[in-house]
Amino acid sequence: MDVKETLKQLTNVLGGSGDEFRASALFADLIRPFADEIETDSYANVTAFKRCGVKDAKLVMIDAHIDQMAMMASEITDDGFVKFIAQGFDPRQLYGADVVLITRLGEAIPGIVTTVPAELQYGEITDTVSVDKLSIDLGLKAETVKEKVTVGDFIYYANETLELSDGALCGRAFDDRAALVSILFAAEILKDKSLVADILYSATAREEVGGPGAAIVAGRFRPDLAVALDLTQAKCDAYNDPGAFELGGGPVIGRGDHSSPAWAERFAEVARAAEIPYRFQAIPAHSKTNAGRIQIAGTGVVTAVLSFPQRYSHSSVEIVDVSDIERTGQLIARFALALRSEDFGSEVIS
Amino acid sequence: MKEYLKVLSSLDGVSGREDRVRDFIADRVRPHATTVETDVLKNLFVWKKGKGTPDRPIVVAAAMDEWGFVAEEAKDSGAIALSAVDGMDPKAVIGKRFRVAGGETRGVISVVSQHLTGKTGTDKVPELRELALDVGAKNKEGGKAAVKPGEGIVYDYPFAEFGDGFYRGKAVDARLGASVLLRLIEEVSPALDTWFVFTASSKIEHRGGVVAARRIDPGTVLTVEAAAAGDVPLQKPALWSVRVGEGATLGLKEFGSVYTRELRERLARIAAKNGVKVQIRSGMRGSGDAGTLHTRASGAKVAGIGAPVRYVGTGNPIVHRDDLEALWQLAKLFVEEV
């Protein structure tokens with residue numbers, strides 16, 4: 001699989017939390033060749049099963065979220081500027097940003113987040129940026145804006161994926177589309193392999209608003225193990241703690257409440273055997289991934305968290321490394337191949 | 001004007017690194033000019049013989065250099081340390097894409113995610129010195145391999161049409177004046193002999209303009225440039241300076257200089273007579289080439305004209321084609337009639 005091209009394809013389609021259907025449809029197309037059964041539910045969750053053919057086989061859910069960060073139009077000014085809501089966005093990233101607004105009729109209108117030139121700045125607009133002072137310029141007459149734009153329209157960063165030096169890619173929505181590419185990478189390897197468990201590849205909706213999509217899927221299919229894939233913060237110029245994860249450093253295996261230490265150890269064993277570099281990440285309480293919601297779905301699900309490093313998450317210039325996407329996919333595939341029935345344990349105490 | 005603006009704004013030339021822009025313009029104007037000269041600061045001087053000869057030289061000037069940085073050494077992190085031209089706004093570069101001037105290497109400037117900083121502090125703007133170019137390198141060696149110290153770093157936003165009649169893209173602001181000058185040289189026969197001066201390093205203390213003034217010692221100076229427009233909800237209307245859609249701009253003054261009233265009023269009369277829409281540019285707090293060019297030799301009359309541009313200094317400045325057309329008409333009338 002061409003990881004770069006697949007990531008470009010997946011990030012070129014827009015799908016914010018609550019607006020995932022376009023992105024879900026694309027992911028369904030991409031995973032279809034590697035799955036025995038596939039479905040997109042009414043919540044835009046994509047579920048694709050690879051069956052092992054054994055009756056009452058255990059089920060392992062490999063999950064990443066399909067949604068990306070999105071803004072929303074909240075008001076249209078008399079002059080035709082669009083005010084907006086941007087929860088979870090850093091306002092400094094938005095100042096002067098290239099955006100695209102999707103109208104109720106599906107038209108994509110390019111926009112620019114307003115700025116004031118340095119020579120005309122006075123007082124507080126020099127030193128701070130807050131979203132409530134910003135608006136979007138569509139370059140259209142006020143009456144055209146009022147006709148086309150509706151409060152509640154989704155707004156996205158407009159830029160497409162860019163190749164940087166040294167195997168790095170840069171763009172929007174890598175959180176969590178890059179993890180979905182790892183899943184596709186693994187699914188391709190596993191396509192004709194025989195396994196002892198069924199695998200459920202899931203691309204779930206609305207992680208960025210709390211993860212109800214993953215909870216719905218886990219509650220419905222009751223997996224015996226669910227692995228949530230997400231991205232973690234990578235070292236960069238302004239974040240260089242000695243313990244920070246390096247871009248290109250390989251998969252990061254979570255250990256903690258949402259990430260079963262026993263399964264974490266199993267992932268580590270597999271990584272060592274396959275000579276995939278990895279590091280552990282301590283997750284004492286909240287992992288801020290879908291694992292949190294999956295764990296309490298149904299009557300409870302054993303979860304693991306797997307991630308890889310990313311710079312500048314939730315921006316339009318997120319950076320990931322191709323090797324991390326591939327190695328994480330490689331690790332998932334090796335893990336699935338190494339599964340044994342006895343790994344799953346039992347709830348019966350005596 | 002679209003093709004002129006497109007071709008010139010797409011060239012890469014940060015202050016002090018204007019070679020590509022200068023060489024391109026020099027090649028284009030040679031068939032139309034009487035003489036074409038350059039100097040050590042990379043200014044370009046194009047003399048065009050007119051029907052008559054003025055008492056003292058007439059200069060029509062525009063800048064060639066654009067917003068951006070010069071790359072310093074790669075840091076241990078692999079990011080490239082940067083040195084900015086004057087007047088760059090740190091807010092405008094965060095989360096934005098850049099390229100090595102004239103090259104394929106891409107990079108971005110960013111702040112760390114709020115996953116690391118927490119919500120508090122996300123409204124605080126860092127100093128330019130705290131920011132660096134991330135080219136995707138993982139260490140110093142990777143950074144050194146990607147960008148050499150001294151290379152120009154420019155915004156990486158292509159020229160495009162935008163909305164209802166706007167043009168956008170990097171250096172649409174910085175090369176707007178140069179686009180008008182290039183077309184004047186190609187299409188207009190001046191009334192009097194005219195020096196068309198394309199200045200270098202306008203964004204580093206107007207250094208090009210300083211020596212250009214001494215070389216020519218003008219008696220009349222007209223500068224053509226983007227007029228920063230603040231007409232967005234973020235800014236109080238009293239501080240808008242100029243408005244998009246209201247036509248070409250006539251400057252009153254800049255930091256350190258008051259423009260020549262008689263010349264401005266004459267331009268306003270010519271515009272009115274010919275049906276060219278003009279507006280007064282009121283809020284110029286920064287300095288332009290006009291201030292330098294008319295004061296550094298024996299002194300000259302000076303006027304500054306332009307077109308209103310929103311988002312000056314960012315990767316996506318926008319100008320409306322009607323305003324640009326009005327500016328072209330006004331500049332043409334000046335050269336043909338004054």
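Values quoted throughout were computed directly from the atomic coordinates according to the rules given, and no laboratory measurement underlies them. Treat the numbers as computed from the prediction; the structure is a model and nothing was measured. Virtual Cβ from ideal backbone geometry, glycine too; neighbours counted across all protein chains shown.
Taking every Cα-Cα distance in region B:69-155 and sorting them into 5 Å bins starting at zero, the pair-distance distribution P(r) comes out as 3, 15, 26, 25, 17, 10, 4, 1 percent. Net charge dipole, the protein assembly as shown: roughly 1540 debye, given to the nearest 20, about the Cα centre with Cβ charges of +1 for Lys and Arg and -1 for Asp and Glu.
Rg and Dmax, both from the Cα atoms of the protein assembly as shown and both in Å, are 28.9, 110. Placing +1 on the Cβ of every Lys and Arg and -1 on the Cβ of every Asp and Glu, with nothing else charged, gives region B:69-155 a dipole about its Cα centre of roughly 280 debye. Just to be sure I understand: with springs between alpha-carbon atoms less than 10 Å apart, which residue in A:ASP175, A:ASP137, A:ASP321 has the highest mean-square fluctuation in the Gaussian network model of chain A? Evaluated over chain A, the most mobile residue of the options is A:ASP137. Annotation: the residues A:ILE276, A:ILE112, sorted from fewest to most other C-beta atoms within 10 Å of their own C-beta, follow the order A:ILE276, A:ILE112. Spatially, region A:6-61 and region B:152-192 are offset by 47 Å when compared through their Cα centroids. Among B:PHE334, B:PHE159, A:PHE21, A:PHE89, sorting on how many other beta-carbon atoms sit within 10 Å of each Cβ, with the fewest leading, yields A:PHE21, B:PHE159, A:PHE89, B:PHE334.
Here A:LYS141 is the anchor, and the aspartates and glutamates within straight C-alpha reach of less than 13 Å, apart from those fewer than 8 places off in the same chain, are A:ASP78, A:ASP79, B:ASP164.
What is region B:170-222 by shape, rounded, prolate or oblate, if you read a ≥ b ≥ c off the alpha carbon gyration tensor as root eigenvalues and call it rounded for a/c under 1.5, prolate for a/b larger than b/c, and oblate otherwise? Oblate is the answer for region B:170-222, as a/c is 1.5 or above yet b/c matches or exceeds a/b. Taking every residue in B:302-315 and counting other chain Cβ atoms within 10 Å of its Cβ, the average works out to 3. Highest GNM mean-square fluctuation among B:LYS124, B:LYS51, B:LYS42, for chain B modelled with Cα contacts below 10 Å: B:LYS124.
Neighbours of A:ASP2, meaning other residues whose beta-carbon lies under 14 angstrom from its beta-carbon, give a summed charge of -2 when Lys and Arg score +1 and Asp and Glu score -1. Under the convention that each Lys and Arg Cβ holds +1 and each Asp and Glu Cβ holds -1, the size of the dipole of region A:264-333 around its Cα centre is about 240 debye.
Calculated mean residue ellipticity, 222 nm, the protein assembly as shown: -8000 deg cm²/dmol, from DSSP H runs (n ≥ 4) at -39500 (n - 2.57) each, averaged per residue and rounded to 500. Taken residue by residue and averaged, Cβ atoms of other chains lying within 10 Å of the Cβ of A:135-144 number 4. Averaging the inverse of every distinct alpha carbon separation and then flipping it gives the Kirkwood radius. What is it for region B:60-205, in angstrom units? After inverting the mean inverse Cα-Cα distance, the result is 17.4 Å. Gaussian network model of chain B, Cα springs within a sub-10 Å range: biggest mean-square fluctuation belongs to which of B:LYS236, B:LYS170, B:LYS148? Comparing B:LYS236, B:LYS170, B:LYS148 in a Gaussian network model of chain B, the most mobile one is B:LYS236. Expressed as a whole number of Å, what is the distance separating the alpha-carbon centroids of region B:273-338 and region A:221-284? Their Cα centres are 58 Å away from one another.
Counting only alpha carbon atoms, the long axis of helix A:322-338 and the longest principal axis of chain A meet at about 30°.
Among A:LEU120, B:GLY288, A:LEU105, which residue has its Cα furthest toward the positive end of the charge dipole of the protein assembly as shown, with +1 on Lys/Arg Cβ and -1 on Asp/Glu Cβ? It is B:GLY288.
Straight-line reach from B:LYS301: taking Cα to Cα under 22 Å and skipping same-chain neighbours fewer than 8 places apart, the lysines in range are B:LYS48, B:LYS49, B:LYS51, B:LYS253, B:LYS332. The residue among B:VAL242, B:VAL112, B:THR34 whose Cα reaches farthest toward the positive pole of the charge dipole of chain B, with charges on the beta-carbon of Lys, Arg, Asp and Glu, is B:VAL242.
Shielding by partners for peptide A:122-131, expressed as the average number of C-beta atoms from other protein chains within 10 Å of each residue's C-beta, is 4. Put in order of Cβ neighbour count within 10 Å, fewest first, the listed residues B:THR105, A:THR115, B:THR34 become B:THR34, B:THR105, A:THR115.
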